[in-house]
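Derivation of every value follows stated rules applied to the coordinates shown; laboratory data play no part. If you're wondering where the values come from, they're calculated on a predicted model, not measured in any experiment. Ideal geometry is used to build each Cβ from the backbone, glycine not excepted, and the neighbour counts take in all protein chains shown.
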Amino acid sequence: MPPPLQTTIAGSLPKPGWLSPPGQLWAPWLLHDERLVEGKRDAVRLALRDQEQAGIEIVTDGEQTRRHFVTTFIENLDGVDFEHKRTVRIRNRYDAEVPVVVGPVARRHPVFVDDARFLRAATTRRIKYTLPGPMTMVDTLYDAQYRSRERLARAFAEILNEEARALEAEGVDVIQFDEPAFNVYFDEVRDWGIGALERAARGLKCATAVHICYGYGIQANIDWKKTLGAEWRQYESTFPLLAASAIDQVSLECANSHVPLELIALLEGKDVLVGAIDVATTRVETPEEVAATIREALKYVPPERLYPCTNCGMVPLSREVARAKLMALGAGAELARRELPGRAKKGSWGSRRGV
Ligand SMILES: [Zn+2]
């Protein structure tokens, strides 16, 4: 049994400046062809190194091989036209030029399977792989084919399941679906969102997770958060549905958030990935601040089910800040772990390098 309070991250980390210009979403690649393949792998090695040094136990590839957490996956599917884009409102928040669904969607070839194999070989730690969730995929496209968000989501769920099974076969320990759209479309979450998510995870024997957040620290999200009032209770309607679902883990935002932490109690029986690092600020948390967030969450979830994590992906931050935040996460979790009853002075993890 691993010790309690196993650390992990939501998924992404900033890329090296030689691979992709920092600080922008959908940033272009600066390398091409074989050099790009090699560069991505070098970037994964560095992302792993940073996580391992910080004492992060369940690591990701930092999403170094994709330009964007949703569109890179979709680019690899049939049925979506990336040439002739249309403008839609994403998560009711900001307009973006998006690709158009013009035919039946299909996965003709594996998307991240080679990358997952490389990741598996590059670290001895447990690995998590992230995929976009079906509802968030639908919300990032203009649909000229299905004319139904639910039908398109269910088609994507089947495709995601194919990819997830292939990732699992490469030795991935956790497959996480990113569903920020779950914080916006509450009726749809209830009516078909959870069902589509479960379809995407069907038959998987590895741990399955869903990440639901309030987004990166980009301006559109900061403006949206200002409209949410003093208490953010968006999770309140979704968590009971997730608690009754087949998904094992829920990743949520807590640090510097207006989310009342007692809402975590609605996830009884699930593993909870507690966001203890705010990704919307460049200020680096102290280990004590991280520990304080974990202590608060421990009131509502037992330590063996609590995974200290980041609020969201760290891709918009500088590498220096992201690295410091990783170190704070690892050190803060270690502080909190030492306070657990019966855990003091047991050195097997307390003496681990990097904490
Ligand atoms: Zn997020």
Subtracting the Cα-Cα distance from 0.36 nm times the residue separation, let me have the gained length for residue 227 to residue 49 in nm, one decimal.
60.2 nm
Does anything in the stretch 66-82 have its amide N under 17 Å from the 7 Å Cα→Cβ label point of residue 102, and if so which residues?
74-82
FRET efficiency for residue 320 and residue 173, using Cβ-Cβ distance with R0 set to 35 Å, rounded to 0.05
0.75
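DSSP beta bridges in the chain, what fraction antiparallel, as a percent rounded to 5?
20
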Charges only on Cβ, +1 for Lys and Arg, -1 for Asp and Glu: so what's the dipole of the chain about the Cα centre, in debye to the nearest 20?
720
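Distance check, please: which entries in 128/325; 15/325; 40/128; 15/205; 40/205 exceed 21 angstrom between their Cα atoms? Don't skip to the end; give the middle numbers.
Numbers: 128/325 19 Å; 15/325 15 Å; 40/128 17 Å; 15/205 31 Å; 40/205 28 Å.
Over 21 Å Cα-Cα: 15/205; 40/205.
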Distant-in-sequence amide H partners of residue 80 (H built 1.01 Å from N, under 5 Å):
102
If I model a spin label as a point 7 Å beyond the Cα along the Cα-Cβ vector, how far apart are those points for residue 75 and residue 36 in nm?
0.6
Report the far tail of the P(r) of the stretch 238-343, meaning the percent of Cα-Cα pairs longer than 22 Å.
29
What would the Debye formula give as log10 I(q)/I(0) at q = 0.16 Å⁻¹ for the alpha-carbon point model of the stretch 33-342, no solvent?
-1.50
Give me the distance in nm between label points sitting 7 Å out from Cα along the Cα-to-Cβ direction at residue 237 and residue 282, one decimal.
3.7
With just the Cα atoms of the stretch 234-275, tell me how far they stretch along each of the three principal axes, in Å, largest first.
29, 18, 12
Taking amide H positions as placed 1.01 Å from N in the peptide plane, with prolines and chain starts having none, which residues 5 or more places from residue 178, or on another chain, fall under 5 Å of its amide H?
131, 133, 211
Any idea how far the Cα center of the stretch 5-40 sits from the one of the stretch 255-319, in Å?
24
Based on DSSP loop calls and a cut-off of at most 13 other Cβ atoms within 10 Å, the longest stretch of the chain free of exposed chymotrypsin sites (Phe, Trp or Tyr not before Pro) is what?
27-355
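Are there any trypsin sites (Lys or Arg not before Pro) in the stretch 264-328 that are in a DSSP loop and have at most 15 other Cβ atoms within 10 Å? List them by number.
The qualifying sites are 283, 299.
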Here the FRET efficiency for residue 262 versus residue 94, based on Cβ atoms and R0 = 35 Å and rounded to 0.05, is 0.70
Taking Cβ-Cβ under 4.7 Å as the only way to count a partner, pick out the unpartnered cysteines of the chain.
206, 254, 309
